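Take a look at the structure below.
The values are calculated or read from the model by the stated rules, or taken from the named source; none is laboratory data. Values in this document were obtained by computation on a predicted structure and should not be read as measured data. Cβ sites come from the backbone with ideal geometry, for glycine too, and all protein chains shown count toward neighbours. The area values use the complete protein model at the heavy-atom level, side chains included, leaving out ligands, DNA and RNA. Shrake-Rupley method; radii C 1.70, N 1.55, O 1.52, S 1.80 Å.
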Amino acid sequence: MSVQEPRASAQRLGPSAVDRLPANVRCPGYDRSRLTPGILHLGVGAFHRCHQAEYTDDALEAAFGPWGIVGVNLRAPDLSPTLGTQQNLYCRELRRHGDVERRLIGALVETISVTGEDGDLQGGALAGALAVASNPSIGAITLTVTEKGYCHIPATGELDLGHPDISHDIAHPETPVSVPGFVLRALAMRLAAGRPLPALISCDNVPDNGSTLRSSVLCLAAKIDPALRDRLEREACFLNTMVDRIVPATRPEDVAGFAEATGIEDRGLVVGEPFRMWVLEDRFNGPLPAWDRAGAMFVKDVAPYEILKMRVVNGIQSNLCQLGVLSGIDFMADAMAEGVFSDFALRTISREVVPHLPAVPGIDVSAYVGETISRLKNPALKHRTLQISTDGSQKIRQRLLEPLRAALKAGTPCGGLLLGIAGWMKYASGVDSAGRALEVLDPFAERTKAVAAASGGDAARLVEGMLGIEAIFGTDLAQNGFVKDRLADLVADLGRRPSREVVRDFLASQTA
Ligand code: CS2
């Protein structure tokens, strides 16, 4: 993270600065010097630091145990200049409108960055991370590696054997570069040493996240060592989970504001909303931190919670974010502050998505939708529309396409979902309605921009080309004349005028 210079007198956060934090910054209610590693976490991004690490701090306060977190980044960012120099201490700040609540998190005890900022391997770091993972004191390997970290084909969930990192790991299983490769190597080392296997806990917004990780790891193992694959199939426990808290990427302004308010410079700061939720599959026989005492739910079947969260919270985000980008709106809350976009969000979710949601034990769906809308309107969260649009090819199946399929099957309205998907197509083409280039950060960006170039500005051809990307869309939608025609009209319209006007007319046509 490049950071705006905080005020000159600010002391850098670390053990010796803790006593100087203002009294209203909550500090760990347990003795951190007694904390030993019990969790290896892959992907120490803002979300993990503001979600699982906070739940773990709560669990440690409720029932202290050997559950310190060793955070491993297989890819950039290199954590040494931020968390490393702070002895892995950092604060999380929760904001809602004008309210701010700050807390020092102690659960992270070590961080290992396998690659430096330049992407080059840091000597010994991979071996160090694998040594930690194979140590029997690690009872859980948890992951937030983003959707694309699973190296799966978004439309099917299967491992992408054509992925260059997977090809690498098949050839060099002892020095993996992919997430499934790292997990496989760690499990193989545990079994070879006769040690019990840890729980594998995926915390990404991937459909059936634990099962997807399991299938990626087993499929990779089948290519390397079929006997190992069979053993892991029997013995390894991969948990599905649903995770929720909005945690935008930390901005230099956040770090500067924290220094201003506290006199302490925290380059590991994360900022999120007060709302949080975590639902885990209750299937692991070994010990885990007392996350349940921190409010996490352990249930038999995570699927209804996951579907609800991905289609409502993430669904609204992904339906709106590209349309927001196309109208030059930087932050999600600014889009939601415009009546036209918030009406569109609520209308689409209520009419098109909610009727096809499964029943979710203990949850009143209409209250949940209302709460979601208010979370997304929280102006204190600076969540970039561009950040949510990033890697859209990996997100739209579970957030927009599955709800669309459910509506098509039932013959119920789906125009708002189609408008969101058209927004993604327009964004992924790399040009907005005014002809300005858009930054498309996505593993499929080359492909979608090539489709756009080949369409020669013809919306129907663009839609045909996009729907033809089977790894994203499967095969059914390209054969649906209604979907194709409607998307072509919407993409053409988004090419002529700002998305705000297209959304406004869409709403008007619905009430007419
Ligand atoms: C967002 C999520 O960037 C994104 O993909 O949609 O990070 C979202 O904010 C979280 O899933 C909320 O729990």
Quick one: what are the phi-derived ³J(HN,Hα) couplings along region 371-378, Karplus 6.51/-1.76/1.60 with θ = phi - 60°, whole Hz, x for glycine and proline?
5, 4, 4, 5, 4, 6, 8, 4
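Would you work out the relative contact order for the chain, in percent, from Cα pairs under 8 angstrom that are 6 or more residues apart? Spell out each step's value before the answer.
Details: 947 pairs, mean separation 77.5, N = 512.
Worked out over the chain, it gives 15 percent.
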Using a Cα-Cα cut-off of under 24 Å, which lysines could be cross-linked to Lys148, ignoring same-chain neighbours fewer than 8 residues away?
Lys223, Lys309, Lys382, Lys395, Lys426, Lys449
With no solvent and one point per C-alpha, what does the Debye sum give as log10 I(q)/I(0) for region 459-503 at q = 0.19 Å⁻¹?
-0.58
Once you charge only the Cβ atoms, +1 for Lys and Arg and -1 for Asp and Glu, what is the size of the charge dipole of the chain about its Cα centre, to the nearest 20 debye?
440
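Within a Cβ distance under 11 Å of Pro136, other residues only, what is the Lys/Arg minus Asp/Glu net charge? Numbers along the way, then the final one.
Values: positive: Arg190, Arg195; negative: none.
Spelling it out: positives minus negatives among the neighbours equals +2.
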Based on DSSP H runs of at least 4 residues, each adding -39500 (n - 2.57), what is the mean residue ellipticity at 222 nm of the chain after dividing by all its residues, to the nearest 500 deg cm²/dmol?
-13000 deg cm²/dmol
At a Cα cut-off below 19 Å, give the aspartates and glutamates reachable from Lys409, other chains included and same-chain residues fewer than 8 away excluded.
Glu352, Asp476, Asp485
If you take the charge dipole of region 45-180 about its Cα centre, with +1 on Lys and Arg Cβ and -1 on Asp and Glu Cβ, which of Phe47, His172, Thr156 is farthest toward its positive end?
Phe47
Inter-part distance where region 295-373 and region 179-215 are each reduced to a Cα centre, Å:
30
Determine the distance separating the Cα centre of region 442-478 from the Cα centre of region 76-141; give it in Å without decimals.
38
Simple spin-label estimate for Glu158 and Asp330 in nanometres, 7 Å along Cα-Cβ:
4.4
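Need one number: the % of Cα-Cα pairs in the chain sitting beyond the 39 Å mark.
Working: 32124 of 130816 pairs.
Across the chain, Cα pairs with separations above 39 Å total 25 percent.
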Which whole-number percent is the relative contact order of region 324-482 (Cα, under 8 Å, 6+ apart)?
23
Karplus-derived 3J(HN,Hα), 6.51/-1.76/1.60, for each residue of region 459-466, Hz, glycine and proline x:
4, 5, 5, 4, 4, 4, x, 5
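Using DSSP, restrict attention to beta bridges with both residues in the chain and report what percent are antiparallel, rounded to the nearest 5. Let's see the in-between values first.
On the way: 15 of 45 bridges.
So the antiparallel bridges in the chain amount to around 35 percent.
State the three equivalent ellipsoid semi-axes of region 207-343, derived from the C-alpha gyration tensor as the square roots of 5 times its eigenvalues, in descending order and whole Å. Before the final figure, lay out the partial values.
On the way: eigenvalues 256, 94, 59 Å².
Working through the eigenvalues yields semi-axes of 36, 22, 17 Å.
Let me know the charge dipole size of region 16-99 about its Cα centre in debye, to the nearest 20, where only the beta-carbon of Lys, Arg (+1) and Asp, Glu (-1) is charged.
Numbers: 9 positive and 9 negative charges, 31 e Å.
Dipole magnitude for region 16-99 comes out near 160 debye.
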Please give the charge dipole size of region 1-158, origin at the Cα centre, charges +1 on K and R Cβ atoms and -1 on D and E Cβ atoms. Round to the nearest 20 debye.
380
Solvent-accessible area, 1.4 Å probe, carbon plus sulfur percent, for region 423-471
51
Can you tell me how region 1-124 classifies by the Cα gyration tensor, rounded, prolate or oblate, using a/c under 1.5 as the rounded cut?
oblate
Residues meeting the amide H criterion for Leu79 (H placed from the backbone, H to H distance under 5 Å, 5 or more places apart or on another chain) are Ser113
The answer for GluC sites (Glu not before Pro) in region 416-512 that fall in a DSSP coil and have at most 15 neighbouring Cβ atoms within 10 Å is Glu439
Could you work out how far apart the two model spin labels at Arg461 and Ser366 are, taking each label as a point 7 Å from the Cα in the direction of the beta carbon, and quote it in nm?
4.9
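Of the accessible area of region 150-274, with the probe set at 1.4 angstrom, what percent is carbon plus sulfur? Don't skip to the end; give the middle numbers.
Details: 2020 of 4160 Å².
On region 150-274, the fraction of accessible area on carbon and sulfur atoms equals 49 percent.
Give me Rg over Rh for region 332-437, both radii from the alpha carbons and Rh done the Kirkwood way, two decimal places.
Values: Rg = 14.8 Å, Rh = 15.1 Å.
For region 332-437, the value is 0.97.
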Using label points projected 7 Å from each Cα along Cα→Cβ, tell me how many nm separate Arg195 and Gln479, to one decimal.
5.0
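Between Ser80 and Ala454, what is the FRET efficiency for a Förster distance of 35 Å, r being their Cβ-Cβ separation, to the nearest 0.05?
Working: r = 44 Å, r/R0 = 1.26.
Rounded to the nearest 0.05, the efficiency is 0.20.
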Leaving out ligands and nucleic acids, note down the accessible area per residue over the chain with a 1.4 angstrom probe, in whole Å².
38
Long-range Cα-Cα pairs in region 11-299 (distance over 37 Å), rounded percent
12
For Arg34 and Ala337 in one chain, what is 0.36 nm times their gap in residues minus the Cα-Cα distance, to one decimal in nm?
104.4 nm
On a 0 to 90 degree scale, rounded to 10, what angle separates helix 252-262 from the longest Cα axis of the chain?
50
Using only Cα atoms, tell me the angle between helix 303-326 and the longest principal axis of the chain; keep it within 0 to 90° and round to the nearest 10.
60
